[in-house]
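**Student:** Encoded as structure tokens, here's the structure I'll be asking about.
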2 protein chains.
Amino acid sequence: MSLQAILFDAYGTLFDVYAISAEAERQFPGQGTTLANLWRDKQIEYTRLRTLSGTYQPFDQVTRDALQFACSKLGLTLDQSVQERLMAQYNQLTPFPENLSVLHELKREGMALAILSNGNPDMLDPVVKAAGMEGVFTHVISAHRVKKFKTAPEVYQLGLDLLGVAVYNSLFVSSNGWDICGAAWFGYRTFWVNRAAAPREVLGVSPDGEGRSLHDLLQFVRQREEH
Amino acid sequence: MSLQAILFDAYGTLFDVYAISAEAERQFPGQGTTLANLWRDKQIEYTRLRTLSGTYQPFDQVTRDALQFACSKLGLTLDQSVQERLMAQYNQLTPFPENLSVLHELKREGMALAILSNGNPDMLDPVVKAAGMEGVFTHVISAHRVKKFKTAPEVYQLGLDLLGVAVYNSLFVSSNGWDICGAAWFGYRTFWVNRAAAPREVLGVSPDGEGRSLHDLLQFVRQREEH
């Protein structure tokens, strides 16, 4: 293949979501990790239920709803100021340490780079800006355009439509195993940034490449180009 | 409303899935509950991913895949005989203790009763038979007919099409909060058998009735009929 474009998932792939559990721990000592995990699971669950049932709400609303459920489930009182403080973390997530340098390297290799995320623009724009990544991406693409969340094919299609590239010239990169499966089912080449060393999903598809950080992605891309 | 038909979810609603974690505990002492919970979560996740991406596989296959993932994740070795033993539990689940008598009462009230489940017929038929429920239901309806899983609207539509009832004359009953939301979004009246005393999902819809067992459902139906 001749690789022309690389599309990145945002949360957990480019941006480290650790700050969220750290803030959760500050607000609810001893329960931060439990709350953050349940919140994240519920957030993803709600994106899927709303997409399946055709009842889309923007990702920030879904994220608030998931936070409320997670607190109810754990018996934690969530007042308005705590909710705002936790939600505000999403606007100032830091990129993983290797990301900016690798992204610049990939650009020098001639790749078009884009974000393809479930986040709505109101969530994505501040975090891209805060991370100093504004000039890096040709497109910051939100699932909000089609009012469905990944893994709906319409979301993955957005990447091709907006970048104007063919699927076989495109690589999709995510830290989420399920996102990799969705993209592979859709037809993308895929690279799984398996930061958590998780087992592969048993869904009948495999990533084309796998590594632990964006350094491994850079190596994968360079090896592909040599052939 | 004039209630004419009641549709039931199967696993966890009519049939007690406790036997699965009990068998998991026999196979993997000390990890039975963890395995059973992870297995169940993954099973549901895979139904959603496959429905979103249009890569349907029957529920028994999805269930096997989820079991393999769950064992990998927990570092448990799953040999073929253990896999078969765990899967076999699905064919011999017992109904919750109150179920048969309540179902018979509801029939005497003139209700048409049906199952509407993600399970494929090869999974549903044996468990309905083993539970002595063969004569109770006019229809045992599987999502397999439309090759999508709940909460896809096509699955909920099946219930109306096959029973020949209007949605406003129908009640959907499930122990799963998300299933209740999917059915309510679709348009059903809903009754949540909240056996686990879970908090409500934060999805903008509420069940019409809620209780802890099918006894509470019977009371709900009788109260509605009096009005």
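**Student:** Starting from a label point 7 Å past Cα on the Cβ side, list the distances from B:GLN83 to the same position in the other copies, nm, shortest first.
**Tutor:** 4.6
**Student:** From Cα pairs below 8 angstrom and at least 6 apart in sequence, can you work out the relative contact order of region A:17-91, rounded to a whole percent? Before the final figure, lay out the partial values.
**Tutor:** Working: 60 pairs, mean separation 26.0, N = 75.
Normalised by residue count, the contact order of region A:17-91 is 35 percent.
**Student:** Then there is this: What does the charge count near A:LEU113 come to, summing +1 for each Lys or Arg and -1 for each Asp or Glu among other residues with Cβ under 13 Å from its Cβ? It would help to have the intermediate numbers written out before the result.
**Tutor:** Values: positive: A:LYS107, A:ARG108; negative: A:ASP9, A:GLU105, A:GLU109, A:GLU134.
The answer is -2.
**Student:** Ignore the peptide's own chain and count Cβ atoms of other chains within 10 Å of each Cβ in A:185-192; give me the average, rounded.
**Tutor:** Working: counts 6, 2, 0, 0, 0, 0, 0, 0.
Mean number of neighbouring Cβ atoms from other chains: 1.
**Student:** For a quick check: with amide H placed at 1.01 Å from N, whose amide H comes under 5 Å from A:ILE141's, ignoring anything fewer than 5 positions away on the same chain?
**Tutor:** A:ILE115, A:LEU116, A:SER117
**Student:** Per residue, how much accessible surface does region B:164-213 expose to a 1.4 Å probe? Answer in Å², no decimals.
**Tutor:** 34
**Student:** Moving on. Work out the mean other chain Cβ neighbour count within 10 Å for the residues of B:61-68 and drop it here as an integer. Let's see the in-between values first.
**Tutor:** Values: counts 2, 2, 0, 1, 4, 3, 1, 3.
That works out to 2 on average.
**Student:** Hey, another quick one. Please state the charge dipole magnitude for region A:17-91, taken about the Cα centre, from unit charges on C-beta atoms (+1 on K and R, -1 on D and E), reported in debye and rounded to the nearest 20. Let's see the in-between values first.
**Tutor:** Numbers: 8 positive and 8 negative charges, 33 e Å.
In total the dipole reaches around 160 debye.
**Student:** With a cut-off of 8 Å between alpha carbons and a minimum separation of six or more residues, what is the relative contact order of region B:87-227 in percent? Please list the in-between numbers first.
**Tutor:** Working: 192 pairs, mean separation 25.5, N = 141.
The normalised contact order for region B:87-227 reaches 18 percent.
**Student:** Which residue, chosen from B:PHE59, B:PRO29, B:LEU49, occupies the Cα position most advanced towards the positive end of the dipole of region B:17-91, where the dipole is computed from +1 (Lys, Arg) and -1 (Asp, Glu) charges on Cβ about the Cα centre?
**Tutor:** B:LEU49
**Student:** Additional query: Only bridges whose two residues both fall in the protein assembly as shown count here: according to DSSP, what percent of them are antiparallel, nearest 5? Present the calculation step by step, with values, prior to reporting the outcome.
**Tutor:** Numbers: 4 of 44 bridges.
Of all bridge pairs located within the protein assembly as shown, approximately 10 percent are antiparallel.
**Student:** Something else now. In whole angstrom, note down how far apart the Cα centers of region A:54-121 and region A:127-190 are.
**Tutor:** If you average the Cα positions of each part, the centres end up 15 Å apart.
**Student:** Related question: Let me check the size of chain A from its C-alpha atoms; what are the radius of gyration and Dmax in Å?
**Tutor:** 17.3, 57
**Student:** Calculated FRET efficiency, B:LYS73 and B:ALA198, Cβ-Cβ r, R0 25 Å, to nearest 0.05?
**Tutor:** Numbers: r = 23 Å, r/R0 = 0.93.
E(calc), rounded to 0.05, equals 0.60.
**Student:** Right, here's the next one. Could you run the Karplus curve 6.51 cos²θ - 1.76 cosθ + 1.60 with θ = phi - 60° over region A:138-150 and give me ³J(HN,Hα) per residue in whole Hz, x for Gly and Pro?
**Tutor:** For region A:138-150, the Karplus-derived couplings read 6, 9, 10, 9, 10, 4, 4, 4, 10, 6, 9, 10, 4 Hz, x marking Gly and Pro.
**Student:** Nearest 100 Å², what total accessible surface is buried between chain A and chain B (probe 1.4 Å)?
**Tutor:** Values: alone 10340 and 10350 Å², together 18180 Å².
Interface area, both chains combined: 2500 Å², rounded to the nearest 100.
**Student:** Under the Kirkwood approximation for Rh and a Cα-based Rg, what ratio Rg/Rh is obtained for the protein assembly as shown? Please list the in-between numbers first.
**Tutor:** On the way: Rg = 23.3 Å, Rh = 23.5 Å.
Rounded to two decimals, Rg over Rh is 0.99.
**Student:** Next question, about the same structure. Place a +1 charge on the Cβ of each Lys and Arg in chain A and a -1 charge on the Cβ of each Asp and Glu, then give the dipole magnitude about the Cα centre in debye, rounded to the nearest 20. Intermediate values should be presented prior to the final figure.
**Tutor:** Details: 21 positive and 25 negative charges, 67 e Å.
Charge dipole, chain A, about its Cα centre: 320 debye, nearest 20.
**Student:** Going toward the positive end of the dipole of chain B, with +1 on Lys and Arg Cβ and -1 on Asp and Glu Cβ, which of B:LEU103, B:PRO126, B:LEU76 do you reach last?
**Tutor:** Going by the Cα projections, it comes out as B:LEU76.
**Student:** With n ≥ 4 as the cut-off for DSSP H runs, can you work out [θ] at 222 nm for chain A, using -39500 (n - 2.57) per run divided by the number of residues, rounded to the nearest 500? Each step should come with its number before you reach the end.
**Tutor:** Values: 9 runs with 110 residues, N = 227.
Taking each H run of at least 4 residues, the total per residue is -15000 deg cm²/dmol.
**Student:** May I pose another question? Gaussian network model of chain A, Cα springs within a sub-10 Å range: biggest mean-square fluctuation belongs to which of A:ASP179, A:ASP41, A:ASP216?
**Tutor:** A:ASP41
**Student:** Which net charge results for the neighbourhood of B:TYR56, defined as the other residues with beta-carbon distances under 14 angstrom from its beta-carbon, given Lys and Arg at +1 and Asp and Glu at -1?
**Tutor:** Numbers: positive: B:ARG48, B:ARG50, B:ARG145, B:LYS147, B:LYS148, B:LYS150; negative: B:ASP60, B:ASP65, B:GLU154.
Overall, the nearby charge balance is +3.
**Student:** Enter the mean number of other protein chain beta carbons within 10 Å of the beta carbon of each residue in A:47-59, as an integer. Could the numbers behind the result be given before it?
**Tutor:** Details: counts 2, 9, 10, 5, 5, 14, 14, 5, 7, 0, 2, 0, 0.
Mean inter-chain Cβ contacts per residue within 10 Å come to 6.
The values are calculated or read from the model by the stated rules, or taken from the named source; none is laboratory data. Here the structure is a predicted model, which means the values were calculated and not measured. Note that we place each Cβ from the backbone using ideal geometry, even for glycine, and neighbour counts take in every protein chain shown. Each accessible area value is taken on the protein alone, full model and side chains, heavy atoms only, with ligands, DNA and RNA left out. Shrake-Rupley method; radii C 1.70, N 1.55, O 1.52, S 1.80 Å.
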